[in-house]
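J.: Sending over a structure as C-alpha coordinates; questions will come in a sec.
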Amino acid sequence: MKHIPLQELNPMSGAQVLERLETARQWPTVNLFDLPLVCAEARRMARHIVARVGDRTSSTINFVNAHCVNEQRKDADYRAALKASDLLLPDGVGMEIAAALSGAKLGENLNGTDLFPRLCGEAESEGVSIFLLGGLPGVADSTADWAKSQFPALRIAGTHSGFFSPQAEDSLIDHINASRTGILLVGLGVPLQEKWIARNRHRINASVVMGVGGLFDYYSGRIPRAPAIVRACKAEWIWRLAMEPRRMAKRYLLGNAQFLAHAAHQSAKDRGLIDQINTAGKRAIDIVGTGFAILALLPIFLATILAIRLEDNGPVLFRQTRIGADGNPFSMIKFRSMYTDAEDRKKTLLSQSERDGTCFKMRNDPRITRTGRFIRRFSIDELPQLFNVLGGSMSLVGPRPALPSEVATYRGTHWGRLQGKPGITCTWQVRGRAEISFERQAIMDRAYLKKTNLWVDLKLLLCTPGAVLGGRGAY
(Lines give C-alpha, C1' and ligand atoms only; values in the text may rest on other atoms or scores of the structure.)
Protein backbone atom coordinates (compact mmCIF):
# COMPACT_ATOMS: atom_id res chain seq x y z
CA MET A 1 0.00 0.00 0.00
CA LYS A 2 1.27 3.44 -0.90
CA HIS A 3 2.20 5.63 2.08
CA ILE A 4 0.15 8.86 2.19
CA PRO A 5 1.79 11.81 3.96
CA LEU A 6 -0.15 13.33 6.84
CA GLN A 7 -0.29 16.64 5.00
CA GLU A 8 -2.34 15.05 2.19
CA LEU A 9 -4.88 13.61 4.64
CA ASN A 10 -5.43 16.84 6.55
CA PRO A 11 -4.73 20.51 5.86
CA MET A 12 -2.92 20.68 9.23
CA SER A 13 0.81 20.15 9.24
CA GLY A 14 2.28 16.90 10.53
CA ALA A 15 3.40 18.68 13.71
CA GLN A 16 -0.11 20.02 14.26
CA VAL A 17 -1.60 16.56 13.82
CA LEU A 18 0.81 15.18 16.42
CA GLU A 19 -0.10 18.00 18.79
CA ARG A 20 -3.79 17.24 18.28
CA LEU A 21 -3.18 13.56 19.01
CA GLU A 22 -1.18 14.39 22.13
CA THR A 23 -3.84 16.81 23.37
CA ALA A 24 -6.56 14.21 22.84
CA ARG A 25 -4.68 11.66 24.95
CA GLN A 26 -6.86 10.18 27.69
CA TRP A 27 -4.69 9.74 30.76
CA PRO A 28 -5.56 6.95 33.17
CA THR A 29 -6.71 8.27 36.54
CA VAL A 30 -7.00 7.04 40.11
CA ASN A 31 -9.93 8.34 42.12
CA LEU A 32 -8.79 9.42 45.58
CA PHE A 33 -10.92 11.53 47.92
CA ASP A 34 -13.41 11.83 45.04
CA LEU A 35 -10.76 13.52 42.89
CA PRO A 36 -9.50 11.97 39.60
CA LEU A 37 -5.69 12.08 39.84
CA VAL A 38 -3.73 11.58 36.63
CA CYS A 39 -1.31 8.65 36.32
CA ALA A 40 1.61 9.69 34.11
CA GLU A 41 5.35 10.18 33.84
CA ALA A 42 6.66 13.69 34.47
CA ARG A 43 8.47 13.85 31.10
CA ARG A 44 5.36 12.89 29.14
CA MET A 45 3.13 15.18 31.19
CA ALA A 46 5.38 18.19 30.49
CA ARG A 47 5.19 17.42 26.77
CA HIS A 48 1.41 17.01 27.00
CA ILE A 49 0.93 20.38 28.72
CA VAL A 50 2.94 22.20 26.07
CA ALA A 51 1.05 20.34 23.33
CA ARG A 52 -2.18 21.76 24.73
CA VAL A 53 -0.79 25.23 24.05
CA GLY A 54 0.15 24.33 20.48
CA ASP A 55 -3.33 22.96 19.91
CA ARG A 56 -4.85 26.03 21.63
CA THR A 57 -6.81 23.83 24.03
CA SER A 58 -8.04 25.88 26.98
CA SER A 59 -6.92 23.97 30.07
CA THR A 60 -6.82 24.44 33.82
CA ILE A 61 -4.31 22.24 35.62
CA ASN A 62 -3.88 21.93 39.38
CA PHE A 63 -1.89 19.83 41.82
CA VAL A 64 -3.26 17.83 44.75
CA ASN A 65 -1.21 17.03 47.84
CA ALA A 66 -2.05 16.16 51.46
CA HIS A 67 -2.58 19.83 52.37
CA CYS A 68 -4.92 20.27 49.39
CA VAL A 69 -7.01 17.29 50.52
CA ASN A 70 -7.37 18.77 54.01
CA GLU A 71 -8.33 22.17 52.62
CA GLN A 72 -10.91 20.90 50.14
CA ARG A 73 -12.74 19.05 52.91
CA LYS A 74 -13.61 22.35 54.62
CA ASP A 75 -13.78 24.73 51.64
CA ALA A 76 -16.59 24.02 49.17
CA ASP A 77 -15.44 26.68 46.68
CA TYR A 78 -11.94 25.24 46.61
CA ARG A 79 -13.31 21.72 46.19
CA ALA A 80 -15.44 22.91 43.26
CA ALA A 81 -12.39 24.58 41.68
CA LEU A 82 -10.40 21.34 41.89
CA LYS A 83 -13.22 19.29 40.40
CA ALA A 84 -13.58 21.78 37.54
CA SER A 85 -9.89 21.31 36.58
CA ASP A 86 -9.04 19.60 33.30
CA LEU A 87 -6.11 17.76 34.92
CA LEU A 88 -5.33 17.06 38.57
CA LEU A 89 -1.73 16.02 39.20
CA PRO A 90 -0.70 14.00 42.30
CA ASP A 91 1.86 15.85 44.39
CA GLY A 92 3.89 14.33 47.20
CA VAL A 93 4.32 11.20 49.24
CA GLY A 94 0.94 11.70 50.94
CA MET A 95 -0.90 10.85 47.75
CA GLU A 96 1.27 7.74 47.28
CA ILE A 97 0.34 6.61 50.81
CA ALA A 98 -3.37 7.25 50.21
CA ALA A 99 -3.25 5.32 46.93
CA ALA A 100 -1.44 2.39 48.54
CA LEU A 101 -3.97 2.26 51.39
CA SER A 102 -6.79 2.09 48.85
CA GLY A 103 -5.05 -0.59 46.81
CA ALA A 104 -4.50 1.75 43.84
CA LYS A 105 -1.31 2.60 41.98
CA LEU A 106 -0.42 6.13 40.95
CA GLY A 107 2.04 7.07 38.27
CA GLU A 108 5.02 9.29 39.03
CA ASN A 109 4.96 12.01 41.66
CA LEU A 110 4.03 15.00 39.47
CA ASN A 111 4.84 17.76 41.96
CA GLY A 112 5.25 21.19 40.43
CA THR A 113 8.79 21.73 41.70
CA ASP A 114 10.15 18.76 39.75
CA LEU A 115 7.86 19.34 36.78
CA PHE A 116 8.86 22.99 36.27
CA PRO A 117 12.30 22.41 34.64
CA ARG A 118 10.80 19.80 32.31
CA LEU A 119 8.02 22.20 31.40
CA CYS A 120 10.55 24.95 30.69
CA GLY A 121 12.54 22.59 28.47
CA GLU A 122 9.51 21.54 26.44
CA ALA A 123 8.30 25.15 26.17
CA GLU A 124 11.74 26.24 24.96
CA SER A 125 11.86 23.63 22.22
CA GLU A 126 8.30 24.42 21.05
CA GLY A 127 8.57 28.22 21.29
CA VAL A 128 5.85 28.45 23.95
CA SER A 129 5.98 31.45 26.32
CA ILE A 130 5.42 31.38 30.09
CA PHE A 131 4.08 34.08 32.42
CA LEU A 132 4.93 33.87 36.13
CA LEU A 133 2.39 35.28 38.61
CA GLY A 134 2.92 34.98 42.37
CA GLY A 135 5.32 35.13 45.29
CA LEU A 136 6.76 38.06 47.18
CA PRO A 137 7.91 41.10 45.16
CA GLY A 138 10.93 40.10 43.09
CA VAL A 139 10.47 36.33 43.55
CA ALA A 140 8.81 35.75 40.16
CA ASP A 141 11.55 37.87 38.52
CA SER A 142 14.29 35.77 40.13
CA THR A 143 12.52 32.57 39.04
CA ALA A 144 12.38 33.90 35.50
CA ASP A 145 16.13 34.66 35.67
CA TRP A 146 16.84 31.07 36.77
CA ALA A 147 14.69 29.67 33.95
CA LYS A 148 16.44 31.85 31.34
CA SER A 149 19.86 30.79 32.65
CA GLN A 150 18.96 27.13 32.25
CA PHE A 151 16.92 27.45 29.05
CA PRO A 152 18.32 30.45 27.12
CA ALA A 153 15.77 30.28 24.30
CA LEU A 154 12.79 30.10 26.67
CA ARG A 155 10.38 32.99 26.18
CA ILE A 156 9.27 34.61 29.45
CA ALA A 157 6.14 36.57 28.55
CA GLY A 158 6.11 38.46 31.83
CA THR A 159 6.17 38.35 35.63
CA HIS A 160 4.17 39.82 38.48
CA SER A 161 4.24 39.34 42.24
CA GLY A 162 1.33 37.76 44.08
CA PHE A 163 0.55 41.04 45.83
CA PHE A 164 -2.07 43.09 44.01
CA SER A 165 -5.28 44.78 45.11
CA PRO A 166 -8.72 43.66 43.91
CA GLN A 167 -8.95 46.98 42.08
CA ALA A 168 -5.80 46.11 40.11
CA GLU A 169 -7.06 42.66 39.08
CA ASP A 170 -8.60 43.81 35.80
CA SER A 171 -5.46 45.62 34.66
CA LEU A 172 -3.34 42.61 35.70
CA ILE A 173 -5.42 40.26 33.56
CA ASP A 174 -5.23 42.73 30.67
CA HIS A 175 -1.44 42.73 31.09
CA ILE A 176 -1.34 38.90 31.03
CA ASN A 177 -3.50 38.76 27.91
CA ALA A 178 -1.45 41.45 26.20
CA SER A 179 1.66 39.32 26.72
CA ARG A 180 0.10 36.60 24.53
CA THR A 181 1.50 33.97 26.85
CA GLY A 182 0.77 30.31 26.21
CA ILE A 183 1.17 29.16 29.83
CA LEU A 184 0.27 31.12 32.96
CA LEU A 185 1.75 29.79 36.21
CA VAL A 186 -0.11 31.10 39.27
CA GLY A 187 1.73 30.83 42.59
CA LEU A 188 -0.64 32.41 45.11
CA GLY A 189 -0.80 29.43 47.48
CA VAL A 190 -3.56 26.91 48.21
CA PRO A 191 -6.51 27.48 48.08
CA LEU A 192 -6.33 31.13 46.99
CA GLN A 193 -4.73 30.40 43.62
CA GLU A 194 -7.25 27.74 42.56
CA LYS A 195 -10.20 29.94 43.50
CA TRP A 196 -8.62 32.93 41.76
CA ILE A 197 -8.12 30.87 38.60
CA ALA A 198 -11.68 29.50 38.73
CA ARG A 199 -13.09 33.00 39.17
CA ASN A 200 -11.07 34.55 36.32
CA ARG A 201 -10.40 31.66 33.90
CA HIS A 202 -12.98 32.84 31.40
CA ARG A 203 -11.13 36.19 31.10
CA ILE A 204 -7.63 34.74 30.65
CA ASN A 205 -6.52 33.99 27.09
CA ALA A 206 -3.59 31.72 27.95
CA SER A 207 -4.21 28.18 26.71
CA VAL A 208 -2.90 26.63 29.93
CA VAL A 209 -3.30 28.03 33.45
CA MET A 210 -1.67 26.16 36.32
CA GLY A 211 -1.73 26.71 40.08
CA VAL A 212 1.83 26.04 41.30
CA GLY A 213 1.84 27.02 45.00
CA GLY A 214 5.24 27.97 46.42
CA LEU A 215 7.24 26.80 43.39
CA PHE A 216 8.75 30.24 42.74
CA ASP A 217 10.25 30.37 46.24
CA TYR A 218 12.56 27.46 45.43
CA TYR A 219 13.75 28.57 42.00
CA SER A 220 14.23 32.17 43.11
CA GLY A 221 16.53 30.97 45.89
CA ARG A 222 14.34 32.47 48.61
CA ILE A 223 13.94 29.03 50.22
CA PRO A 224 16.59 26.34 49.63
CA ARG A 225 15.21 23.05 48.41
CA ALA A 226 15.89 19.85 50.32
CA PRO A 227 19.06 17.94 49.35
CA ALA A 228 18.60 15.11 46.86
CA ILE A 229 19.06 12.45 49.54
CA VAL A 230 16.21 13.95 51.60
CA ARG A 231 13.96 14.03 48.54
CA ALA A 232 14.89 10.44 47.73
CA CYS A 233 13.76 9.43 51.24
CA LYS A 234 10.42 11.19 50.57
CA ALA A 235 11.02 13.48 53.55
CA GLU A 236 11.03 16.85 51.82
CA TRP A 237 8.19 17.99 54.04
CA ILE A 238 10.49 17.63 57.08
CA TRP A 239 13.03 19.90 55.38
CA ARG A 240 10.41 22.49 54.60
CA LEU A 241 9.17 22.37 58.19
CA ALA A 242 12.72 22.99 59.35
CA MET A 243 13.05 25.96 56.96
CA GLU A 244 9.78 27.62 58.04
CA PRO A 245 8.79 26.09 61.39
CA ARG A 246 6.37 28.82 62.41
CA ARG A 247 4.44 28.91 59.16
CA MET A 248 4.49 25.18 58.45
CA ALA A 249 4.05 23.59 61.90
CA LYS A 250 0.25 23.49 61.78
CA ARG A 251 0.20 22.38 58.15
CA TYR A 252 2.65 19.51 58.53
CA LEU A 253 2.31 18.33 62.13
CA LEU A 254 -1.43 18.62 62.66
CA GLY A 255 -2.31 18.54 58.96
CA ASN A 256 -0.41 15.35 58.20
CA ALA A 257 -2.11 13.56 61.11
CA GLN A 258 -5.51 14.70 59.84
CA PHE A 259 -4.67 13.62 56.32
CA LEU A 260 -3.52 10.14 57.37
CA ALA A 261 -6.68 9.62 59.42
CA HIS A 262 -8.80 10.72 56.47
CA ALA A 263 -6.78 8.53 54.09
CA ALA A 264 -7.28 5.51 56.35
CA HIS A 265 -11.03 6.17 56.50
CA GLN A 266 -11.19 6.67 52.74
CA SER A 267 -9.26 3.42 52.23
CA ALA A 268 -11.67 1.52 54.43
CA LYS A 269 -14.56 3.03 52.49
CA ASP A 270 -13.03 2.26 49.08
CA ARG A 271 -12.36 -1.34 50.11
CA GLY A 272 -15.90 -1.74 51.41
CA LEU A 273 -14.75 -2.11 55.04
CA ILE A 274 -16.92 0.77 56.26
CA ASP A 275 -20.01 -0.84 54.75
CA GLN A 276 -19.06 -4.19 56.28
CA ILE A 277 -18.53 -2.60 59.69
CA ASN A 278 -21.85 -0.74 59.44
CA THR A 279 -23.68 -3.89 58.35
CA ALA A 280 -22.18 -6.00 61.15
CA GLY A 281 -22.73 -3.26 63.73
CA LYS A 282 -26.32 -2.73 62.61
CA ARG A 283 -27.06 -6.42 62.93
CA ALA A 284 -25.42 -6.55 66.36
CA ILE A 285 -27.55 -3.62 67.54
CA ASP A 286 -30.65 -5.31 66.10
CA ILE A 287 -30.03 -8.56 67.99
CA VAL A 288 -28.91 -7.07 71.31
CA GLY A 289 -31.41 -4.21 71.27
CA THR A 290 -34.31 -6.46 70.31
CA GLY A 291 -33.46 -9.00 73.01
CA PHE A 292 -33.46 -6.35 75.73
CA ALA A 293 -36.63 -4.73 74.31
CA ILE A 294 -38.60 -7.98 74.36
CA LEU A 295 -37.64 -8.65 77.98
CA ALA A 296 -38.42 -5.09 79.07
CA LEU A 297 -41.74 -4.94 77.19
CA LEU A 298 -42.97 -8.40 78.19
CA PRO A 299 -45.70 -7.00 80.52
CA ILE A 300 -47.03 -4.85 77.68
CA PHE A 301 -47.01 -7.86 75.35
CA LEU A 302 -49.08 -9.88 77.85
CA ALA A 303 -51.54 -7.04 78.54
CA THR A 304 -52.08 -6.42 74.82
CA ILE A 305 -52.69 -10.10 74.12
CA LEU A 306 -55.29 -10.22 76.88
CA ALA A 307 -57.05 -7.03 75.70
CA ILE A 308 -57.34 -8.20 72.09
CA ARG A 309 -58.73 -11.60 73.11
CA LEU A 310 -61.26 -10.10 75.48
CA GLU A 311 -62.64 -7.61 72.93
CA ASP A 312 -63.70 -9.96 70.12
CA ASN A 313 -62.05 -13.30 70.85
CA GLY A 314 -60.26 -13.08 67.48
CA PRO A 315 -56.62 -13.90 66.72
CA VAL A 316 -54.03 -11.85 68.57
CA LEU A 317 -51.49 -11.57 65.78
CA PHE A 318 -51.96 -10.31 62.25
CA ARG A 319 -49.63 -11.50 59.51
CA GLN A 320 -49.32 -9.48 56.35
CA THR A 321 -47.11 -9.82 53.28
CA ARG A 322 -44.82 -6.83 52.93
CA ILE A 323 -42.03 -6.00 50.49
CA GLY A 324 -38.54 -6.00 51.94
CA ALA A 325 -35.00 -5.35 50.76
CA ASP A 326 -34.46 -5.61 46.99
CA GLY A 327 -38.17 -6.26 46.46
CA ASN A 328 -38.27 -9.57 48.35
CA PRO A 329 -41.61 -10.30 50.07
CA PHE A 330 -41.78 -11.43 53.70
CA SER A 331 -44.41 -12.01 56.37
CA MET A 332 -44.61 -9.12 58.83
CA ILE A 333 -46.16 -9.68 62.29
CA LYS A 334 -48.32 -7.13 64.13
CA PHE A 335 -50.79 -7.14 66.97
CA ARG A 336 -54.21 -7.19 65.34
CA SER A 337 -55.76 -3.73 65.65
CA MET A 338 -58.69 -4.16 63.23
CA TYR A 339 -61.76 -6.31 63.03
CA THR A 340 -61.23 -9.67 61.35
CA ASP A 341 -63.13 -8.57 58.18
CA ALA A 342 -61.06 -5.37 57.75
CA GLU A 343 -59.64 -6.26 54.33
CA ASP A 344 -63.10 -6.96 52.88
CA ARG A 345 -64.42 -3.62 54.19
CA LYS A 346 -61.44 -1.67 52.83
CA LYS A 347 -62.80 -1.70 49.26
CA THR A 348 -65.80 0.36 50.30
CA LEU A 349 -63.60 2.93 52.07
CA LEU A 350 -60.95 3.62 49.40
CA SER A 351 -62.58 6.86 48.29
CA GLN A 352 -62.28 8.21 51.86
CA SER A 353 -58.52 7.77 52.11
CA GLU A 354 -56.75 10.82 53.58
CA ARG A 355 -53.53 10.00 51.75
CA ASP A 356 -52.56 10.07 48.08
CA GLY A 357 -53.15 6.96 45.95
CA THR A 358 -50.03 5.13 47.14
CA CYS A 359 -51.03 4.48 50.78
CA PHE A 360 -54.50 4.07 52.32
CA LYS A 361 -54.97 5.95 55.61
CA MET A 362 -58.04 7.22 57.47
CA ARG A 363 -57.90 9.20 60.68
CA ASN A 364 -61.17 7.61 61.93
CA ASP A 365 -61.04 4.24 60.22
CA PRO A 366 -64.23 2.29 61.28
CA ARG A 367 -62.39 -1.01 60.85
CA ILE A 368 -60.19 -0.34 63.92
CA THR A 369 -61.22 -1.90 67.23
CA ARG A 370 -61.26 -0.04 70.56
CA THR A 371 -58.11 -1.87 71.67
CA GLY A 372 -56.63 -1.32 68.23
CA ARG A 373 -57.11 2.44 68.46
CA PHE A 374 -55.21 2.52 71.76
CA ILE A 375 -52.32 0.31 70.67
CA ARG A 376 -51.98 2.24 67.39
CA ARG A 377 -51.85 5.52 69.29
CA PHE A 378 -48.74 4.32 71.11
CA SER A 379 -47.39 2.08 68.31
CA ILE A 380 -47.84 -1.01 70.51
CA ASP A 381 -49.26 -2.86 67.49
CA GLU A 382 -45.77 -2.74 65.94
CA LEU A 383 -44.04 -4.52 68.84
CA PRO A 384 -44.29 -8.08 67.42
CA GLN A 385 -42.08 -6.88 64.57
CA LEU A 386 -39.23 -7.27 67.05
CA PHE A 387 -39.41 -10.96 66.17
CA ASN A 388 -39.09 -10.03 62.47
CA VAL A 389 -35.93 -8.19 63.46
CA LEU A 390 -34.57 -11.22 65.30
CA GLY A 391 -35.32 -13.35 62.24
CA GLY A 392 -33.44 -10.94 59.96
CA SER A 393 -36.25 -9.88 57.63
CA MET A 394 -36.37 -6.45 59.28
CA SER A 395 -34.10 -4.08 61.21
CA LEU A 396 -34.79 -1.76 64.11
CA VAL A 397 -34.16 1.21 61.80
CA GLY A 398 -35.01 1.35 58.10
CA PRO A 399 -37.75 2.39 55.65
CA ARG A 400 -41.15 1.11 56.71
CA PRO A 401 -42.06 -2.03 54.71
CA ALA A 402 -44.66 -1.38 52.02
CA LEU A 403 -47.62 -3.49 50.95
CA PRO A 404 -47.39 -5.20 47.52
CA SER A 405 -50.34 -3.07 46.35
CA GLU A 406 -48.44 0.07 47.33
CA VAL A 407 -45.24 -1.06 45.59
CA ALA A 408 -47.27 -1.69 42.43
CA THR A 409 -47.90 2.07 42.24
CA TYR A 410 -44.21 3.03 42.61
CA ARG A 411 -42.73 5.18 39.87
CA GLY A 412 -39.25 6.54 39.20
CA THR A 413 -37.25 7.23 42.34
CA HIS A 414 -39.81 5.53 44.61
CA TRP A 415 -38.02 2.23 44.00
CA GLY A 416 -35.04 3.55 45.93
CA ARG A 417 -36.97 2.82 49.15
CA LEU A 418 -36.40 -0.90 48.54
CA GLN A 419 -32.60 -0.72 48.48
CA GLY A 420 -32.24 -1.44 52.19
CA LYS A 421 -33.70 -3.69 54.88
CA PRO A 422 -37.05 -2.33 56.18
CA GLY A 423 -37.28 -1.19 59.79
CA ILE A 424 -39.60 -0.65 62.72
CA THR A 425 -38.71 3.04 62.95
CA CYS A 426 -37.34 5.47 60.37
CA THR A 427 -36.76 9.15 59.72
CA TRP A 428 -40.35 10.09 58.92
CA GLN A 429 -41.74 7.90 61.73
CA VAL A 430 -40.10 10.18 64.29
CA ARG A 431 -41.09 13.38 62.44
CA GLY A 432 -44.82 13.03 61.97
CA ARG A 433 -45.68 9.54 60.73
CA ALA A 434 -48.95 9.59 58.76
CA GLU A 435 -48.98 13.41 58.57
CA ILE A 436 -46.07 13.25 56.12
CA SER A 437 -47.04 12.70 52.49
CA PHE A 438 -45.82 9.61 50.67
CA GLU A 439 -43.59 11.66 48.36
CA ARG A 440 -41.80 13.18 51.35
CA GLN A 441 -41.58 9.77 52.99
CA ALA A 442 -39.91 8.35 49.88
CA ILE A 443 -37.43 11.25 49.78
CA MET A 444 -36.56 10.83 53.47
CA ASP A 445 -36.15 7.05 53.09
CA ARG A 446 -33.80 7.43 50.12
CA ALA A 447 -31.78 10.06 52.00
CA TYR A 448 -31.47 7.71 54.98
CA LEU A 449 -30.27 4.83 52.83
CA LYS A 450 -27.61 7.03 51.22
CA LYS A 451 -26.10 8.20 54.51
CA THR A 452 -26.97 5.28 56.80
CA ASN A 453 -24.47 4.51 59.53
CA LEU A 454 -24.54 3.39 63.14
CA TRP A 455 -24.63 6.94 64.49
CA VAL A 456 -27.68 7.83 62.38
CA ASP A 457 -29.44 4.66 63.57
CA LEU A 458 -28.71 5.39 67.23
CA LYS A 459 -30.05 8.95 66.91
CA LEU A 460 -33.29 7.68 65.32
CA LEU A 461 -33.69 5.02 68.01
CA LEU A 462 -33.24 7.63 70.73
CA CYS A 463 -35.85 9.88 69.06
CA THR A 464 -38.41 7.09 68.69
CA PRO A 465 -39.78 6.94 72.30
CA GLY A 466 -40.50 10.68 72.24
CA ALA A 467 -42.27 10.38 68.89
CA VAL A 468 -44.36 7.46 70.18
CA LEU A 469 -45.43 9.26 73.36
CA GLY A 470 -46.15 12.44 71.38
CA GLY A 471 -48.51 10.51 69.15
CA ARG A 472 -48.21 12.87 66.18
CA GLY A 473 -49.55 11.23 63.02
CA ALA A 474 -50.47 8.00 64.81
CA TYR A 475 -53.76 6.72 63.37
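J.: So in region 270-283, with the set limited to residues that are open to solvent by 50 Å² or more (accessible area, probe 1.4 Å) and either in contact with a Lys or Arg (Cβ under 7 Å, 6 or more places away or on another chain) or aliphatic (A, V, I, L, M) (or both), which one is farthest from GLY103 (Cα to Cα)?
T.: Here the answer is ALA280.
J.: Continuing with this model, one more query. For region 416-451, which residues satisfy the criterion of being in contact (Cβ under 8 Å) with a residue 60 or more places away in the chain and surrounded by fewer than 14 Cβ atoms within 10 Å (Cβ to Cβ)?
T.: GLU439
J.: Taking region 60-106 as the search range and keeping residues that are charged (D, E, K, R) and either over 18 Å from the mean Cα position of the chain (by Cα) or more than 18 Å from GLY255 (Cα to Cα) (or both), which one is surrounded by the most Cβ atoms within 10 Å (Cβ to Cβ)?
T.: Result: ASP91.
Residue by residue, here is whether (1) closer than 22 Å to MET95 by Cα; (2) open to solvent by 60 Å² or more (accessible area, probe 1.4 Å); (3) among the polar types (S, T, N, Q); (4) under 36 Å from the mean Cα position of the chain (by Cα) holds:
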{"site": "ARG180", "(1), (2), (3), (4)": "no, yes, no, no"}
{"site": "LEU215", "(1), (2), (3), (4)": "yes, no, no, yes"}
{"site": "PRO227", "(1), (2), (3), (4)": "yes, no, no, no"}
{"site": "ALA232", "(1), (2), (3), (4)": "yes, yes, no, yes"}
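J.: Please verify whether ARG251 is surrounded by 12 or more Cβ atoms within 10 Å (Cβ to Cβ) and either at positive phi or part of a helix (DSSP H, G or I) (or both), treating the condition exactly as stated.
T.: So ARG251 passes the test.
J.: Just need a number here: residues in region 234-243 that are open to solvent by 70 Å² or more (accessible area, probe 1.4 Å) and in a loop (DSSP other than H, G, I, E, B).
T.: 1
J.: So if I check each of VAL186, VAL190, VAL208, which one is open to solvent by 30 Å² or more (accessible area, probe 1.4 Å), among the β-branched types (Val, Ile, Thr) and on the phi < 0 side of the Ramachandran plot?
T.: When all the criteria are applied, what remains is VAL190.
J.: Among the residues in region 256-269, are any open to solvent by 80 Å² or more (accessible area, probe 1.4 Å), outside any helix (DSSP H, G or I) and under 30 Å from VAL190 (Cα atoms)?
T.: no
J.: Another question, then. Give just the number: which of (1) assigned to a loop (DSSP other than H, G, I, E, B); (2) in contact (Cβ under 8 Å) with a residue 40 or more places away in the chain; (3) surrounded by fewer than 18 Cβ atoms within 10 Å (Cβ to Cβ) does ASP114 not satisfy?
T.: If we test ASP114 against (1) assigned to a loop (DSSP other than H, G, I, E, B); (2) in contact (Cβ under 8 Å) with a residue 40 or more places away in the chain; (3) surrounded by fewer than 18 Cβ atoms within 10 Å (Cβ to Cβ), just (1) comes out false.
J.: Here's a follow-up. Working only within region 363-415, note down all residues that are among the basic types (Lys, Arg) and either within 24 Å of VAL316 (Cβ to Cβ) or within 40 Å of the chain's Cα centre (by Cα) (or both).
T.: ARG367, ARG370, ARG373, ARG376, ARG377, ARG400, ARG411
J.: Determine the pairs where a residue that is free of Cβ contacts under 8 Å to residues at least 60 places away in the same chain, located within region 275-291, has a partner that is of a type in the set (D, E, K, R) and part of a helix (DSSP H, G or I) with Cβ atoms under 9 Å apart, the partner being 6 or more residues away or on another chain.
T.: From residues that are free of Cβ contacts under 8 Å to residues at least 60 places away in the same chain, the pairs are ASP275/LYS269.
J.: Follow-up question, since we're still on this one. Among the residues of region 397-410, write down those that are touching a residue at least 12 places away in the same chain (Cβ under 8 Å) and open to solvent by 20 Å² or more (accessible area, probe 1.4 Å).
T.: Of everything in region 397-410, those that are touching a residue at least 12 places away in the same chain (Cβ under 8 Å) and open to solvent by 20 Å² or more (accessible area, probe 1.4 Å) turn out to be ARG400, LEU403, PRO404, GLU406, THR409.
J.: Being aromatic (Phe, Trp, Tyr) and surrounded by 15 or more Cβ atoms within 10 Å (Cβ to Cβ), is that true of even one residue in region 153-168?
T.: No; the residues of region 153-168 include none that is aromatic (Phe, Trp, Tyr) and surrounded by 15 or more Cβ atoms within 10 Å (Cβ to Cβ).
J.: Of all residues in region 301-343, which are polar (S, T, N, Q) and in a strand (DSSP E or B)?
T.: Residues satisfying the conditions are GLN320, THR321, SER331.
J.: Name the residue, out of LEU386, LEU390, LEU454, that is under 18 Å from ASP275 (Cβ atoms), touching a helix residue (DSSP H, G or I) at 6+ places or on another chain (Cβ under 8 Å) and either open to solvent by 30 Å² or more (accessible area, probe 1.4 Å) or not small (Gly, Ala, Ser) (or both).
T.: LEU454
J.: For ILE294, are the conditions met, namely being among the hydrophobic types (A, V, I, L, M, F, W, C), modelled with pLDDT under 90, surrounded by 14 or more Cβ atoms within 10 Å (Cβ to Cβ) and assigned to a helix (DSSP H, G or I)?
T.: no
J.: Residues that are open to solvent by 40 Å² or more (accessible area, probe 1.4 Å), of a type outside the set (Asp, Glu) and at pLDDT 90 or above: does region 336-353 have at least one?
T.: No, region 336-353 contains no residue that is open to solvent by 40 Å² or more (accessible area, probe 1.4 Å), of a type outside the set (Asp, Glu) and at pLDDT 90 or above.
The values are calculated or read from the model by the stated rules, or taken from the named source; none is laboratory data. The structure displayed is predicted, hence computed values, not measured ones. Every residue, glycine among them, receives a Cβ derived from its backbone with ideal geometry; neighbour counts consider all protein chains shown. These area figures cover heavy atoms from the full protein model, side chains too; ligands, DNA and RNA do not enter into them. Shrake-Rupley method; radii C 1.70, N 1.55, O 1.52, S 1.80 Å.
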